[in-house]
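Working notes, beginning with the structure itself.
The values are calculated or read from the model by the stated rules, or taken from the named source; none is laboratory data. This one's a predicted model, so the numbers in the text were calculated from it and none came from an experiment. Every residue, glycine among them, receives a Cβ derived from its backbone with ideal geometry; neighbour counts consider all protein chains shown. Side chains are part of the model used for accessible areas, which takes the heavy atoms of the whole protein and leaves out ligands, DNA and RNA. Shrake-Rupley method; radii C 1.70, N 1.55, O 1.52, S 1.80 Å.
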Amino acid sequence: QVQLVESGGGLVQAGGSLRLSCAASGRTFASYAMGWFRQASGKAREFVAAISWSGGSTHYADSVKGRFTISRDNAKNTVYLQMNNLKPEDTAVYYCAADSTQGPRLRVGAMGYDYWGQGTQVTVSS
């Protein structure tokens, strides 16, 4: 069982940076792949990035590749999303999620994740 809490969202101008954190509880964190998703107002939730349990494999949505970096520190039970060169279209509520299946492949669909945080708002002004 995992509980997730996001932090680090806020208001930033286009071109700026934010670093989101996702703090996890539970002793099984290190065995879970983790993902970040986002949901803009009136739109469906979409995949942003994922990272394997070891941190050795990552995957990004095309819309954020080259600008965002996902990382994790298992000793701190924390996953991060470093967001650089932010654009107005990045405005959304950002959620972290945990995949408890322990499979060999990173998942990009929201249905593949078992545990979710409550989200943190990111607003990018132009």
Residue among Gly66, Gly119, Gly112 that is at positive phi, surrounded by 13 or more Cβ atoms within 10 Å (Cβ to Cβ) and among the small types (Gly, Ala, Ser) | Gly119
Residues Tyr80, Tyr95: which one is surrounded by fewer than 22 Cβ atoms within 10 Å (Cβ to Cβ), touching a residue at least 60 places away in the same chain (Cβ under 8 Å), of a type outside the set (S, T, N, Q) and part of a strand (DSSP E or B)?
-> Tyr80
Total residues in the stretch 1-10, condition open to solvent by less than 40 Å² (accessible area, probe 1.4 Å) and over 12 Å from the mean Cα position of the chain (by Cα) = 2
Give just the number: which of (1) outside any loop (DSSP other than H, G, I, E, B); (2) modelled with pLDDT of 95 or more; (3) farther than 18 Å from Asp114 by Cβ does Val64 not satisfy?
-> (1)
Which of the residues spanning the stretch 53-63 are under 12 Å from the mean Cα position of the chain (by Cα), open to solvent by less than 50 Å² (accessible area, probe 1.4 Å) and not aliphatic (A, V, I, L, M)?
-> Tyr60
Note on the stretch 22-51: residues open to solvent by 20 Å² or more (accessible area, probe 1.4 Å) and without any contact (Cβ under 8 Å) to a residue 60 or more places away in the chain are Ala23, Ser25, Gly26, Arg27, Ala30, Ala40, Ser41, Gly42, Lys43, Ala44, Glu46
If you scan the stretch 11-52, which residues turn out to be under 21 Å from Val124 (Cα atoms), among the hydrophobic types (A, V, I, L, M, F, W, C) and within 12 Å of the chain's Cα centre (by Cα)?
-> Leu20, Cys22, Trp36, Phe37, Phe47, Val48, Ala49
